[in-house]
Amino acid sequence: MAELILAPGKERSVMRRHPWIFAGSVAKLAGRSKPGDTVEVFTEHGKLMGRAAFSPASQIRARMWSFDPAESIDHGFFKRRVATSVARRATHPHLAGQDGLRLIHGESDGLPGVIADRYGQVVVLQLTSAGAEKWRDAIVAGLVQATGCTCVYERSDSDVRKLEGLEPCTGVIFGEMPEGPLVISENGVRMEVDVAGGHKTGFYLDQRDNRFLTGQLSAGRSVLNCFCYTAGFSLQALAGGATGVLSIDSSGPALETAQRNLALNPQLDASRAEWREADVFEALRSLRTEERKFDLIILDPPKFAPSAAHAQRAARAYKDINILGFRLLNPGGILTTYSCSGGIGLELFQQIVAGSAVDAGVDARIIHRLGAGPDHPVGLAVPEGEYLKGLVCQVD
Ligand code: SAH
């Protein structure tokens, strides 16, 4: 096994159990290593820190699998890590019984580059690092054993694979896909999930708890759901007793799925649902011209700032929609606003929303601070894993 020797002082981040070793932290690699191979990580003084996956193409040159010098990286290692991740979800009261949930959340579950989401009998696997790619078979075997699923579908088509020198890879890799559309039930609402063509692994599981809370807040309120995708928030709002829900998205296919989802839920009053295929930035301005007002507005835009480099332009986009959102609220109304941009931290996001309220001329207070659910944990050693933040603000 090749040996990766850290540059002087660079062992500190590894000692704090951060799994990433950047190219600039490597003094030398002794021995030969192919992408994804396991390397032993040593300090400059020869102390073994653990084992990592080597990735020569990436700026993140190695990702720690284990910080225990006595632990070997083999099939048994992946079986244990996968089983532990799955078991953690099974014992959480908000997750037990959900048929859509994240089973493995990368670094925060001790499996850098591995995402696994469960939709009923199907597990969708996304591998984003050379090390994860190397151990695909062990990870799949671990998932099948820990979940008893009948199908594993691979969705390794995320752009970040390019940074690791990996090609996209998609399709069934274990068992068979069930016949017909895949439907999950989320807190009493049935939703179709397109694991082959949908966003991420097919669905935004990270917003599950926030959709439920929004449903509860929607009772007796008129609701505007911007960036609705397949109508997750809209249907929870209807289930929660909204008087009407206008849902907007620029994607025609997403809106078609959204309407099929409504039809999958005959318990909901379909006459209360209104749809618009439009650009949200323009639609919010049109709604103002039309003198429409709402009691609750949801803004869940796509990632405007994938990294800190995009923060400034993204901040303007967030500010724009939040000003417009605040202006469309009735007195006492609620704005629920999200950012899933890694490049915009919570503090900055809150400043943007505060500035938007000032520009809109409203007084507002935060009544809930939200993030992703417990199936998307954030490792204390890996704070950059915290990407989704939400503020629920109520105006005077
Ligand atoms: N709230 C959704 C997820 C939203 S994902 C849920 O809970 O499932 C973001 C959505 O924004 C996508 O459906 C995408 O089609 C849409 N979108 C991106 N840019 C847009 C724009 N400028 N105007 C309208 N919709 C947009």
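When the criteria are applied in full, Ala242 fails the requirement of being over 23 Å from Lys389 (Cβ atoms) and within 14 Å of the ligand (Cβ to nearest atom).
The set of residues from the stretch 274-307 being of a type outside the set (Phe, Trp, Tyr) and more than 15 Å from the ligand (Cβ to nearest atom) comprises Glu274, Arg288, Thr289, Glu290, Glu291, Arg292, Lys293, Asp295, Ser307. Considered as a group, the residues in the stretch 199-227 that are within 9 Å of the ligand (Cβ to nearest atom) and within 17 Å of Val392 (Cβ to Cβ) include one that is surrounded by the most Cβ atoms within 10 Å (Cβ to Cβ), and that residue is Asn225.
Does the stretch 280-296 contain at least one residue that is touching a residue at least 24 places away in the same chain (Cβ under 8 Å) and touching an Asp or Glu at 6+ places or on another chain (Cβ under 6 Å)?
Kept after step one, since they are touching a residue at least 24 places away in the same chain (Cβ under 8 Å), are these residues of the stretch 280-296: 280-281, 283-285, 287-288, 292-296.
With touching an Asp or Glu at 6+ places or on another chain (Cβ under 6 Å) added as a condition, the list becomes none.
Taking every residue of the stretch 280-296 in turn, none turns out to be touching a residue at least 24 places away in the same chain (Cβ under 8 Å) and touching an Asp or Glu at 6+ places or on another chain (Cβ under 6 Å).
The residues listed here are Ala196, Ala231; of these, the one that is hydrophobic (A, V, I, L, M, F, W, C) and within 10 Å of the ligand (Cβ to nearest atom) is Ala231. For Tyr119, the conditions (1) under 29 Å from Gly97 (Cβ atoms); (2) surrounded by fewer than 16 Cβ atoms within 10 Å (Cβ to Cβ); (3) under 20 Å from the mean Cα position of the chain (by Cα) are fulfilled apart from (2). Among all positions in the stretch 96-105, there is no residue which is of a type in the set (Gly, Ala, Ser), closer than 26 Å to Phe67 by Cβ and touching a Phe, Trp or Tyr at 6+ places or on another chain (Cβ under 9 Å). Look at (1) surrounded by fewer than 24 Cβ atoms within 10 Å (Cβ to Cβ); (2) more than 14 Å from the chain's Cα centre (by Cα); (3) touching a residue at least 60 places away in the same chain (Cβ under 8 Å); (4) farther than 23 Å from Ser33 by Cα and you find that Gly142 fails only one, number (1). Out of all the residues in the stretch 337-396, which are modelled with pLDDT under 95 and either polar (S, T, N, Q) or at positive phi (or both)? If the condition is that a residue be modelled with pLDDT under 95 and either polar (S, T, N, Q) or at positive phi (or both), then Ser341 is the only one that fits. In the set (1) assigned to a helix (DSSP H, G or I); (2) buried (at least 22 other Cβ atoms within 10 Å of the Cβ), the condition left unmet by His310 is number (2). State yes or no: is Ala237 hydrophobic (A, V, I, L, M, F, W, C) and either assigned by TED's automatic domain parsing to the domain that holds Ala278 or over 22 Å from the mean Cα position of the chain (by Cα) (or both)? Yes, satisfied.
The values are calculated or read from the model by the stated rules, or taken from the named source; none is laboratory data. Quantities reported herein were computed from a predicted structural model and do not represent experimental measurements. As a convention, Cβ positions derive from the backbone with ideal geometry for all residues, glycine included, and neighbour counts pool all protein chains shown.
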